[in-house]
Amino acid sequence: MTMLVARAQLNFVTDLVVRFERYDSMMRPVAEYQSQYIAIIALLRSIGHVFDKVDCADDRRQSWSAAKWREWKEAPIFREFIEPARNVLLKEFQGGLELRNNAFDTIAVVADPGVPDGVSHVAAFDSAKLRDAEGRPILPKIREALTFWDRCLREAEAHLPEATA
């Protein structure tokens with residue numbers, strides 16, 4: 001029995017989120033936090049694609065997957081967070097971590113010859129203070145999305161031949 005590729009991806013995203021949540025008062029480049037956030041949001045959405053296109057590529061799994069995908073896409077966490085957050089970030093390049101977000105402590109500008117402009121913004125970052133454009137906390141939505149995908153994949157692992165966690 002082999003693990004679903006989507007399960008391996010979910011495990012990877014879960015690890016990214018744990019690292020993202022870890023508060024460290026050390027000032028780091030803001031771009032590091034931004035890239036972590038973008039990766040988490042993009043990968044949360046792509047778990048479904050990986051499940052459908054990789055894990056269910058054969059005929060035995062395709063019909064079950066198609067029916068479940070329609071159901072999963074109607075879940076509030078998918079419709080109200082996973083899909084729109086990914087679309088705003090990747091299709092419009094908006095909705096990322098803004099420097100004025102309260103999650104960043106004091107922001108400093110430092111010389112950084114390794115980047116195109118020669119300067120980097122650095123700050124300590126507290127993801128627990130991270131809010132979306134409407135002022136709602138983001139981490140609870142990310143955790144809810146992880147729980148949603150875990151539940152979906154557990155269901156798949158129970159129903160699909162040769163799928164295991």
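The values are calculated or read from the model by the stated rules, or taken from the named source; none is laboratory data. Just so it is clear, the model here is predicted, and its values are computed rather than measured. Note that we place each Cβ from the backbone using ideal geometry, even for glycine, and neighbour counts take in every protein chain shown.
Cβ contacts < 8 Å: first residue free of Cβ contacts under 8 Å to residues at least 40 places away in the same chain and closer than 19 Å to residue 151 by Cα, restricted to the range 1-29; second residue of a type outside the set (Ser, Thr, Tyr) and in a loop (DSSP other than H, G, I, E, B), any location; separation 6+ or different chain. Result?
Once the first residue is free of Cβ contacts under 8 Å to residues at least 40 places away in the same chain and closer than 19 Å to residue 151 by Cα and sits in the range 1-29, no partner that is of a type outside the set (Ser, Thr, Tyr) and in a loop (DSSP other than H, G, I, E, B) comes close enough.
Using the structure shown, decide if residue 51 is under 20 Å from residue 39 (Cα atoms), at pLDDT below 85 and of a type in the set (Phe, Trp, Tyr).
For residue 51, the condition - under 20 Å from residue 39 (Cα atoms), at pLDDT below 85 and of a type in the set (Phe, Trp, Tyr) - is not met.
Among the residues of the range 15-38, write down those that are surrounded by 15 or more Cβ atoms within 10 Å (Cβ to Cβ) and modelled with pLDDT of 95 or more. Show your work before the answer.
Step one: list which residues in the range 15-38 are surrounded by 15 or more Cβ atoms within 10 Å (Cβ to Cβ), which gives 16-17, 20, 27, 29-30, 33-34, 36-38.
Residues satisfying the conditions are 16, 17.
Which condition breaks for residue 74 when tested against (1) free of Cβ contacts under 8 Å to residues at least 24 places away in the same chain; (2) within 30 Å of residue 25 (Cα to Cα)?
(2)
Inside the range 96-153, can you point out the residues that are farther than 30 Å from residue 61 by Cα, hydroxyl-bearing (Ser, Thr, Tyr) and in a helix (DSSP H, G or I)?
Narrowing the range 96-153 to residues farther than 30 Å from residue 61 by Cα: 96-140.
Those left that are additionally hydroxyl-bearing (Ser, Thr, Tyr): 106, 120, 127.
Result: 127, single match.
Give 81, 12, 104 a once-over and let me know the one that is among the aromatic types (Phe, Trp, Tyr), over 12 Å from the mean Cα position of the chain (by Cα) and within 30 Å of residue 124 (Cβ to Cβ).
Numbers: 81 fails: over 12 Å from the mean Cα position of the chain (by Cα); 12 fails: over 12 Å from the mean Cα position of the chain (by Cα).
Just a single option satisfies the conditions, and that option is 104.
Is it fair to say residue 90 is modelled with pLDDT of 90 or more and either out of contact with any Cys (no Cβ under 8 Å at 6 or more places or on another chain) or among the polar types (S, T, N, Q) (or both)? It would help to see each step written out before you state the result.
Working: modelled with pLDDT of 90 or more: no; either out of contact with any Cys (no Cβ under 8 Å at 6 or more places or on another chain) or among the polar types (S, T, N, Q) (or both): yes.
No, not satisfied.
Looking only at residues in the range 118-148 that are of a type in the set (Gly, Ala, Ser) and touching a strand residue (DSSP E or B) at 6+ places or on another chain (Cβ under 9 Å), which one is farthest from residue 40 (Cα to Cα)?
Let us first name the residues in the range 118-148 that are of a type in the set (Gly, Ala, Ser), namely 118, 120, 123-124, 127-128, 133, 135, 145.
Okay, now just the ones that are also touching a strand residue (DSSP E or B) at 6+ places or on another chain (Cβ under 9 Å), so 118, 120, 123-124, 128.
Numbers: 118: 27, 120: 22, 123: 20, 124: 19, 128: 15 Å.
Filtering the range 118-148 for residues that are of a type in the set (Gly, Ala, Ser) and touching a strand residue (DSSP E or B) at 6+ places or on another chain (Cβ under 9 Å), the one farthest from residue 40 (Cα to Cα) comes out as 118.
So in the range 86-115, with the set limited to residues that are more than 30 Å from residue 46 (Cα to Cα) and not hydrophobic (A, V, I, L, M, F, W, C), which one is surrounded by the most Cβ atoms within 10 Å (Cβ to Cβ)? First the steps, then the outcome.
Just the residues of the range 86-115 that are more than 30 Å from residue 46 (Cα to Cα), to begin with: 105-114.
Checking which are not hydrophobic (A, V, I, L, M, F, W, C) leaves us with 105-106, 112-114.
On the way: 105: 13, 106: 8, 112: 15, 113: 7, 114: 8.
Step by step, filter the range 86-115, then rank; the result is 112.
Inspect the range 106-116 for any residue being of a type in the set (Gly, Ala, Ser), under 20 Å from residue 17 (Cα atoms) and in contact (Cβ under 8 Å) with a residue 24 or more places away in the chain and give the result as yes or no. Please lay out each step first, then the result.
From the range 106-116, those of a type in the set (Gly, Ala, Ser) are 108, 111, 114; that's our starting set.
Keeping just the survivors that are under 20 Å from residue 17 (Cα atoms) gives none.
No; the residues of the range 106-116 include none that is of a type in the set (Gly, Ala, Ser), under 20 Å from residue 17 (Cα atoms) and in contact (Cβ under 8 Å) with a residue 24 or more places away in the chain.
Report, by residue number, each residue of the range 48-63 that is within 14 Å of residue 6 (Cβ to Cβ), more than 18 Å from the chain's Cα centre (by Cα) and not in a loop (DSSP other than H, G, I, E, B). Steps first, answer last, please.
Going residue by residue through the range 48-63, those that are within 14 Å of residue 6 (Cβ to Cβ) are 48-57, 61.
This time we only want the ones that are more than 18 Å from the chain's Cα centre (by Cα), so: 53-57, 61.
Hits for the range 48-63 are 53, 54, 55, 61.
Within the range 47-67, restricting attention to residues that are in contact (Cβ under 8 Å) with a residue 40 or more places away in the chain and surrounded by fewer than 19 Cβ atoms within 10 Å (Cβ to Cβ), which residue is farthest from residue 107 (Cα to Cα)?
60
Answer yes or no as to whether residue 137 is over 16 Å from residue 27 (Cβ atoms), at pLDDT 85 or above, exposed (fewer than 10 other Cβ atoms within 10 Å of the Cβ) and not β-branched (Val, Ile, Thr). Give the steps one after another, and end with the answer.
On the way: over 16 Å from residue 27 (Cβ atoms): yes; at pLDDT 85 or above: yes; exposed (fewer than 10 other Cβ atoms within 10 Å of the Cβ): no; not β-branched (Val, Ile, Thr): yes.
Against the criterion (over 16 Å from residue 27 (Cβ atoms), at pLDDT 85 or above, exposed (fewer than 10 other Cβ atoms within 10 Å of the Cβ) and not β-branched (Val, Ile, Thr)), residue 137 does not qualify.
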